[in-house]
Amino acid sequence: MTVQISPSILSADFTNLSHELGRISDADWAHVDVMDNHFVPNLTLGLPVVERIVQVSPIPIDAHLMIADADRWAPQYAEVGAQSVTFHAEAATAPIRLAREIRRLGARAGMALRPATSIDPYLDLLPELDMLLIMTVEPGFGGQSFLDSMLTKIARTRAAISEQNLDVWLQVDGGISRSTIERAADAGANVFVAGSAVYGAQDIPAEIATLRDLAAQHTH
Ligand code: DX5
Ligand code: ZN
């Protein structure tokens, strides 16, 4: 399984996004956190800004939509060119129809689970997805501590993906750093979001390379 690093621009300078995207050009994806002040108690940016980010980014956009009424809004992020669009299971009324719509529009379809949401009701839905995102903090803010209690959910989800012989990527988001990425990789994650760990580093390319190496050593 290939390890992929997706730095979150939530920890970047929002007044200088073009430059900030250039600083993570060694990564596989640029993770863009869309928050609407309803699904989570924080507000970031929306469709017009993501449309411009897609145009100026040297790497593909991994849009993480922490927004209510995902069925209505998520397809538009695929339409403006985000190469991966992840909606929250808790915010979608018809996740299968929504995942199919995102794929029809040419993007990879991702579905995210808040820490308290079980994977169990969604196991049969895995073939409809390109990626499952297990939140390892409560969504809404960067810089929080990794929730070790999510490791069993990661492992159970990876086992279910393998049992069904699927090629579904397993992403973790929240509190990922040099000190936690190995545990997440061991449990079965292969796509790693890191906001404060990457943008807080002195040497961003070196930090991305270190995270990638640590994860690769623990990926099976
Ligand atoms: C939080 C966001 C994350 C956030 C992670 O709700 O979804 O993507 O940027 O930040 P760190 O890596 O600092 O925990
Ligand atoms: Zn995120």
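I'm trying to understand the selection: among the residues of segment 46-58, which are within 16 Å of ligand 1 (Cβ to nearest atom), aliphatic (A, V, I, L, M) and open to solvent by 20 Å² or more (accessible area, probe 1.4 Å)?
Correct list: VAL49 only.
State which residue pairs qualify: first residue on the phi > 0 side of the Ramachandran plot and inside segment 163-175, second residue loosely packed, with under 14 Cβ neighbours inside 10 Å in any location, beta carbons under 8 Å apart, and separation of 6 or more residues or different chains.
Hits for this filter: GLY175/SER145.
Output the number of residues of segment 158-191 satisfying the condition of being near ligand 1 (Cβ under 9 Å from one of its atoms) and crowded, with 24+ Cβ neighbours inside 10 Å. I'd like the intermediate steps shown before the answer.
Looking only at segment 158-191, we keep the residues that are near ligand 1 (Cβ under 9 Å from one of its atoms), and these are 173-177.
In the following step, the residues that additionally are crowded, with 24+ Cβ neighbours inside 10 Å were identified as 173-176.
Summing the residues that are near ligand 1 (Cβ under 9 Å from one of its atoms) and crowded, with 24+ Cβ neighbours inside 10 Å in segment 158-191 gives 4.
Restricting the first residue to segment 130-143 and requiring it to be of a type outside the set (A, V, I, L, M) and open to solvent by less than 10 Å² (accessible area, probe 1.4 Å), which pairs with a second residue that is assigned to a strand (DSSP E or B) and more than 9 Å from ligand 1 (Cβ to nearest atom) meet a Cβ separation below 6 Å and a spacing of at least six or different chains?
THR136/VAL172
Which ones in segment 107-149 are farther than 19 Å from VAL34 by Cβ, touching a helix residue (DSSP H, G or I) at 6+ places or on another chain (Cβ under 9 Å) and not in a loop (DSSP other than H, G, I, E, B)?
Within segment 107-149, ASP120, PRO121, TYR122, LEU123, LEU125, LEU126, GLU128, ASP148 qualify.
For ALA189, which of the numbered conditions (1) within 24 Å of GLU20 (Cβ to Cβ); (2) out of contact with any Ser or Thr (no Cβ under 7 Å at 6 or more places or on another chain); (3) within 16 Å of ligand 2 (Cβ to nearest atom) fails to hold?
Here ALA189 meets the rest and fails (1).
The values are calculated or read from the model by the stated rules, or taken from the named source; none is laboratory data. Small disclaimer: the values here were computed from a predicted structure and weren't measured. Cβ sites come from the backbone with ideal geometry, for glycine too, and all protein chains shown count toward neighbours. These accessible areas exclude ligands, DNA and RNA; they are computed on the full protein's heavy atoms, side chains included. Shrake-Rupley method; radii C 1.70, N 1.55, O 1.52, S 1.80 Å.
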